[in-house]
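Beneath this line is the structure, given in structure tokens, with notes to follow.
What follows draws every value from the coordinates through simple rules; no lab data is involved. Quantities reported herein were computed from a predicted structural model and do not represent experimental measurements. Cβ atoms come from the backbone with ideal geometry, glycine included; neighbour counts cover every protein chain shown.
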Amino acid sequence: MSSAFDAAERGLTKLQDAQRVNAENEEISSNVLNELYGQGDQLDRADATAKGLTNDAKLGTKLLKELKWRIFKEKLCLICGMLALIGADVGIGYFFFTCQKK
């Protein structure tokens with residue numbers, strides 16, 4: 001009878017150990033799951049940030065193109081203005097040159 005009692009006691013001890021290990025495994029699994037959810041949230045935030053940066057880069061590129069076009073137009077206006085002034089200067093010089101001959 002003693003050996004049956006010892007066997008039952010060993011079985012109970014093994015069962016308690018198994019239950020303890022199971023509880024530890026559940027706690028570890030729960031912690032891992034929480035970590036995975038947290039990492040998923042981090043990935044979602046990183047993705048949103050990357051999309052925002054992409055949109056900012058596109059907007060920056062568009063603004064730079066607009067600025068480049070504006071600068072081109074201003075240079076063109078300055079060149080035209082300078083040519084007009086040079087033309088006026090040449091015209092005035094020609095007028096004075098031809099008037100002095102008479």
In Å, the Kirkwood estimate of hydrodynamic radius for the range 1-80 over Cα pairs equals 19.2 Å
Taking θ as phi - 60°, what are the ³J(HN,Hα) couplings along the range 77-88 by the Karplus curve (6.51, -1.76, 1.60), each to the nearest whole Hz, with x for Gly and Pro? 5, 5, 5, 4, x, 5, 4, 5, 5, 5, x, 5
Kirkwood Rh (inverse of mean 1/r, distinct Cα pairs), the range 33-90, angstrom: 15.5 Å
At R0 = 41 Å, FRET efficiency that the Cβ-Cβ distance of residue 37 and residue 57 yields, to 0.05: 0.85
Please compute the length gained on full extension between residue 88 and residue 50, using 0.36 nm multiplied by the number of residues separating them and subtracting their Cα-Cα distance. 8.1 nm
Which one of 76, 15, 67 has the biggest mean-square fluctuation once the chain is modelled by GNM with Cα springs under 10 Å? 15
May I have the count of lysine pairs in the chain with C-alpha atoms under 29 Å apart, counting pairs 8 or more residues apart or located on different chains? 10
How big is D for the range 9-52, in µm² s⁻¹ as a whole number, if Stokes-Einstein is applied with the Kirkwood radius of its Cα pairs at 37 °C and 0.692 mPa s? 254 µm²/s
³J(HN,Hα), Karplus 6.51/-1.76/1.60, whole Hz, each residue of the range 36-46, x for Gly, Pro: 5, 4, x, 5, x, 4, 4, 5, 4, 5, 5
The ³J(HN,Hα) series, computed from each phi in the range 5-12 with the Karplus coefficients 6.51, -1.76 and 1.60 at θ = phi - 60°, rounded to the nearest Hz and given as x for glycine or proline, is 5, 5, 5, 5, 5, 5, x, 5
